[in-house]
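Structure, as structure tokens:
The values are calculated or read from the model by the stated rules, or taken from the named source; none is laboratory data. Computed from a prediction, not measured in an experiment: that's the story for all the values here. Glycine also receives a Cβ, built like all others from the backbone with ideal geometry; neighbour counts cover every protein chain displayed.
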């Protein structure tokens, strides 16, 4: 891995929402003899990949380090070794707003809180699911959205293919994963997005495009 100097990197992707949001600028502090603790948010190279990942440490044992994104349900399939860790995220900045990213016990408690809120959201959404999808299909709320509001579709080269991300402002509201044919759009944004108009193609000549919400 690189030297022991602090690094600044730009965050992309939704896997650490709501802790991190694209395009946050992250300050990464290398471990200089400190212990890697469950709850730390680390920047690392997953096995067999040359693309940096940013996830939270779930466990540390003799076999290695297990991680998971705060927005994800499943633990990552890989085991991270210390030599593939760039460092720990200590700050995240968007514009002039700079906020600390806690690790250790405080980070674990924060992650548990996010998980509890997500589980509650899943239970509530199961009750409202039929009504929500009827509204999304009807497209009634899209008619009230200001014409100047736009979404952007960004393309990212990932291990295994191209990932498409749908942004509204700086918020990632949807993803189309490599090899998939259906967008996964976060609630409540399906109410405002015409999914049929979104790209499912291969961006041979462009890294991004803008599509008006209609």
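Annotations
To keep it simple, each residue is scored yes or no on (1) at pLDDT 95 or above; (2) surrounded by 14 or more Cβ atoms within 10 Å (Cβ to Cβ); (3) more than 26 Å from residue 186 (Cα to Cα); (4) out of contact with any strand residue (DSSP E or B) (no Cβ under 9 Å at 6 or more places or on another chain).
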site: 9; (1), (2), (3), (4): no, yes, no, no
site: 15; (1), (2), (3), (4): no, yes, no, no
site: 41; (1), (2), (3), (4): yes, yes, no, no
site: 53; (1), (2), (3), (4): no, yes, no, no
site: 61; (1), (2), (3), (4): no, no, yes, yes
site: 64; (1), (2), (3), (4): no, yes, yes, no
site: 71; (1), (2), (3), (4): no, yes, no, yes
site: 75; (1), (2), (3), (4): no, no, no, no
site: 82; (1), (2), (3), (4): no, no, yes, no
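- In this structure, residue 30 qualifies as under 13 Å from residue 89 (Cβ atoms), modelled with pLDDT of 85 or more and over 20 Å from the mean Cα position of the chain (by Cα).
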